[in-house]
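Read the structure below first, then the notes.
Every read-out reported here was derived from the displayed coordinates using simple, explicitly stated rules and does not represent laboratory data. Just so you know, these numbers come straight off a predicted model, no measurement behind them. Here the Cβ positions follow ideal geometry from the backbone for every residue, glycine too, while neighbour counts run over all protein chains shown.
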Amino acid sequence: MRKIRIFDTTLRDGEQSPGASMNVEEKVQVARQLANLRVDIIEAGFAISSPGDFEAIQRIGGEVEGPVVCSLARAKEEDIKRAWEALKAAPRRRIHTFHSTSDIHLQYQFKVSREEALRRSVAMVELARGLVEDVEFSPMDATRTEVPYLLEVIEAVVKAGASTVNIPDTVGYTTPSEFGELIRAIKTRIGDSAVISVHCHNDLGLAVANSLAAIANGAGQVECTVNGIGERAGNCSMEEVVMALRTRKDFFNASTDINTKEIVRTSRLVSKITGINVQPNKAIVGANAFAHESGIHQDGLLKEKTTYEIIRPEDIGLKSTQLVMGKHSGRHAFKARLKELGFSLSQEEMENAFERFKRLADQKKDIFDEDLETLVSESKARAPEYYSLIDLSMTSGVNQKPTAMVKMKVGDRIFDRMEHGDGPVDATYKAIVAIVEAKSTLRRFEVKSITGGTDALGEVTVTLEEDGVVVRGNGADTDIIVAAAKAYIDALNKLAVRKR
Ligand code: KIV
Ligand code: ZN
């Protein structure tokens, strides 16, 4: 079996999804889970693009064990030096540098000749090789580049020291058979002198199919993102490509090192942190991916699972919702369960989570794994609290204008305010805005229930924008209005940090 490396770019290309930006703490949290998932390489960011990206790369490189940690860099000296600065402390590190090669990009965007693009690419790979052992080069817009020139660039950068050449379908333009042929031509040209990687975008819905065609024709690395998030229509979905290889190993004769039992947990974490919900019919991780509606299918399944199921739900970590804890569970049981769920918390985070768990257990009789995951990831991702909610009471009814009374702490001072609104959330938000004198605009408001039942934990995600800064806040509570207030206040705290 050929081993296919999984290069995860959720924290870089995935973060380029509109509205998906993550703060440093959130990126470290996702990176830890990617390590549990056993991806081979984590592209942790684009070091020169922002101080936040730089810090995230630095922290992931220093704190997350296992995968190679990588920074993106344009084929420019200052980018490569910045990537190196961010990666210095990482025991396993890679610089990924890129330059466009298609005439469309060279003529209209960069205004450089093919010769100059080739010269810069080679020079920057050499510079990166002087700093790190592991260098990857991408000829951007490769699938719209004239093939003989593309091959010339690839051969030259491999000679200059690139150990991986990544072939991006930057605009999601290629098709499986065409891309397969291209990868075969590259393989014929460079043999085993470098790993061939592929990076497919999903503009025509073909990212996974194109990546699989590339693997069948000699690619040894796939660049992908959790839930397929990414620029425009997204990137190749990690869970789909991994499960296709696993399910059809008879066809591909290739495998990955991914611990597939961590797929669902990773998908949920990324969805929670980015605020991008997974569509219900999404392959592998969609809510309906294992739901059989038709009577004929249900009949077959009851007789023999394999009649209609090609993947066992437990292989991707999907458990039938289990009752795990309740009001009487103690600190030890709580700690042990969190450990089993893969969380590693500091003493302070553990105490904080336990306190929140006890409060939840007073409101909700049965607490499931999903509730614990929400509770813990919510408290881990929380920004330092300049604003906090002390109390909230509401009245509303069929013939009554909704009214909210909000009491909040702002720094060291306490304020309260009553407001009316079109609905309970509207009244609550009006009161919060009046207290903090917020100038931000509400861009998105989403509600979801974590488990079934009328006492389910409701989770609210709020996206706020102020002066071009976009932040997301999360809040969870059995009372959906309280969850909405917490989410809004969390976003305000994030805005305050970002503005500072
Ligand atoms: O899509 C693309 O071309 C990229 C490169 C930077 C690899 O993301
Ligand atoms: Zn991309």
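Things worth noting here:
- Simple Cβ-charge dipole of region 407-500, Lys/Arg +1 and Asp/Glu -1, about Cα centre, in debye nearest 20: 420 debye
- Distance between region 251-281 and region 183-210 - C-alpha centres, whole angstrom: 22 Å
- Shape category assigned to region 79-136 from the gyration tensor of Cα positions, a/c cut at 1.5: prolate
- When the P(r) is computed for region 145-298, the part past 18 Å accounts for 61% of the Cα-Cα pairs.
- Under 25 Å from the Cα of Lys339 - lysines, other chains or at least 8 residues apart: Lys27, Lys261, Lys272, Lys319, Lys327, Lys358, Lys364, Lys365, Lys380
- Packing, taken as the mean count of other beta carbons within 10 Å per residue, orders the peptides 463-474, 214-225 from highest to lowest as 214-225, 463-474.
- Debye, to nearest 20: dipole size of region 169-271, +1 on Lys, Arg Cβ, -1 on Asp, Glu Cβ: 240 debye
- Crossing angle, helix 207-216 versus the chain [Cα axis fit, 0-90 degrees, rounded to tens]: 40 degrees
- Gyration tensor (alpha-carbon) shape descriptor, region 291-380, a/c threshold 1.5: prolate
- Considering only Met325, Pro313, Ala289, the residue lying farthest towards the positive end of the dipole of region 272-331 is Met325, judged by Cα position with unit charges set on Cβ.
- FRET efficiency for the Lys327 to Glu25 pair, using the beta carbon distance and R₀ = 25 Å, is estimated at 0.25.
- Rounded to 10°, Cα long-axis angle of helix 24-37 versus longest principal axis of the chain: 70 degrees
- Electrostatic tally near Met238: other residues with Cβ closer than 10 Å to its Cβ, Lys and Arg +1, Asp and Glu -1, net -4.
- Set of lysines with alpha-carbon distance to Lys159 below 20 Å, sequence-local pairs under 8 removed: Lys76, Lys187
- Taking the helices alone, the chain has a mean residue ellipticity at 222 nm of -12500 deg cm²/dmol, built from -39,500 (n - 2.57) per DSSP H run of at least 4 residues and averaged over all its residues.
- Net charge, Asn253 excluded, C-beta distance under 13 Å - Lys, Arg +1, Asp, Glu -1: +4
- Computed lengthening from Leu131 to Glu466, 0.36 nm per intervening residue step minus Cα-Cα distance: 116.7 nm
- Highest average first, the peptides 115-125, 228-238 ordered by how many other beta carbon atoms sit within 10 Å of their residues are 228-238, 115-125.
- The charge dipole of the chain, taken about the Cα centre with unit charges on the Cβ atoms of Lys, Arg (+1) and Asp, Glu (-1), comes to about 620 debye, rounded to the nearest 20.
- Gyration tensor verdict on region 383-499 (Cα atoms; rounded if a/c is under 1.5, prolate if a/b is larger than b/c, oblate otherwise): oblate
- For the pair Lys3 and Leu301, a Förster radius of 25 Å applied to the C-beta separation gives a FRET efficiency near 0.15, rounded to the nearest 0.05.
- Spatially proximal lysines relative to Lys409 (Cα-Cα < 20 Å; intrachain offsets below 8 disregarded): Lys430, Lys439, Lys486, Lys494, Lys499
- Angle in degrees between helix 77-87 and the longest Cα principal axis of the chain, rounded to the nearest 10: 50 degrees
- Kirkwood estimate for region 2-274, i.e. one over the average of 1/r between Cα atoms, Å: 18.2 Å
- Extension gain (nm, one decimal) between Lys439 and Val497, 0.36 nm per residue minus Cα-Cα: 19.4 nm
- Cα-derived Rg over Rh, computed across the chain with Rh taken as Kirkwood radius: 1.01
- Relative contact order %, region 1-124, counting alpha carbon pairs below 8 Å whose residues are six or more apart: 20 percent
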